[in-house]
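Visitor: The structure's right below; bear with me while I get my questions together.
Any read-out appearing in this document is the output of simple, stated calculations on the displayed coordinates, not a laboratory observation. Here the structure is a predicted model, which means the values were calculated and not measured. Note: ideal-geometry Cβ built from the backbone for every residue, glycine included; neighbour counts use all protein chains shown.
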Ligand SMILES: [Zn+2]
């Protein structure tokens, strides 16, 4: 242990413990709670036993209040330590394979338009068909067309496609100005014409 380790006396049990035995509390000068984790655990348990509903409500309130901050923090950590994040995600996936598959399948079902947009972009890249001048707004508009096509398909119960007016194989651009929403039937007819 380093000689600079900060020691704190717990207000409840009066024991002197190293700072990491206390929860983080930025408002305090030590940056830690005045009551140690062990004591907190006991007093939280007591409060819970006395009134479980109240404690659950308190936790939920805390959770919701801090959700945004926590998500921001998680995003930052992911950006700072991509390898650690990937390793953790892989380990989590290994331990929860079925649940992970189920939730990503659900996400795909509910966001199919976004997925087809991504697939179209990958395909376009193979054809070198994304024009150089495409900016973030162009990319967003392109993506939205796929989401709209998916929404129309669901709403009208017939399949809609996002079509390249000038096909990628003919050197057409993967850009919203070269895209149109067609019914699958129209698209098929058009495809035949281009052969
Ligand atoms: Zn204590």
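Visitor: Give me a count of the residues in the stretch 32-59 that are in contact (Cβ under 8 Å) with a residue 24 or more places away in the chain, in contact with a helix residue (DSSP H, G or I) (Cβ under 9 Å, 6 or more places away or on another chain) and in a helix (DSSP H, G or I).
Guide: Adding up the residues that qualify gives 1.
Visitor: Now for a separate question. Considering the stretch 67-81 alone, what residues qualify as being part of a helix (DSSP H, G or I) and over 12 Å from the mean Cα position of the chain (by Cα)?
Guide: Answer for the stretch 67-81, where residues must be part of a helix (DSSP H, G or I) and over 12 Å from the mean Cα position of the chain (by Cα): 67, 68, 69, 70, 73, 76, 77, 79, 80.
Visitor: Given the structure, is residue 158 in contact with a strand residue (DSSP E or B) (Cβ under 8 Å, 6 or more places away or on another chain) and surrounded by fewer than 16 Cβ atoms within 10 Å (Cβ to Cβ)?
Guide: Considered against the rule, which asks whether it is in contact with a strand residue (DSSP E or B) (Cβ under 8 Å, 6 or more places away or on another chain) and surrounded by fewer than 16 Cβ atoms within 10 Å (Cβ to Cβ), residue 158 comes out as yes.
Visitor: Under 8 Å between Cβ atoms, which residue pairs at least 6 apart in sequence (or on different chains) link something in the stretch 4-31 that is on the phi > 0 side of the Ramachandran plot with a partner that is away from the ligand (no atom under 11 Å from the Cβ)?
Guide: 31/19; 31/24; 31/25
Visitor: Within the stretch 1-23, how many residues turn out to be assigned to a loop (DSSP other than H, G, I, E, B) and within 14 Å of the ligand (Cβ to nearest atom)?
Guide: Adding up the residues that qualify gives 8.
Visitor: Turning to a different aspect of this structure: Can you confirm whether residue 26 is away from the ligand (no atom under 14 Å from the Cβ), surrounded by 10 or more Cβ atoms within 10 Å (Cβ to Cβ) and within 29 Å of the chain's Cα centre (by Cα)?
Guide: So residue 26 does not fit the description; no.
Visitor: Another one. For residue 62, are the conditions met, namely being surrounded by fewer than 11 Cβ atoms within 10 Å (Cβ to Cβ), more than 16 Å from the ligand (Cβ to nearest atom) and part of a helix (DSSP H, G or I)?
Guide: So residue 62 passes the test.
Visitor: Next up: Can you work out which of the residues in the stretch 41-56 that are within 14 Å of the ligand (Cβ to nearest atom) and under 32 Å from the mean Cα position of the chain (by Cα) is farthest from residue 13 (Cα to Cα)?
Guide: Among them, the one singled out is 44.
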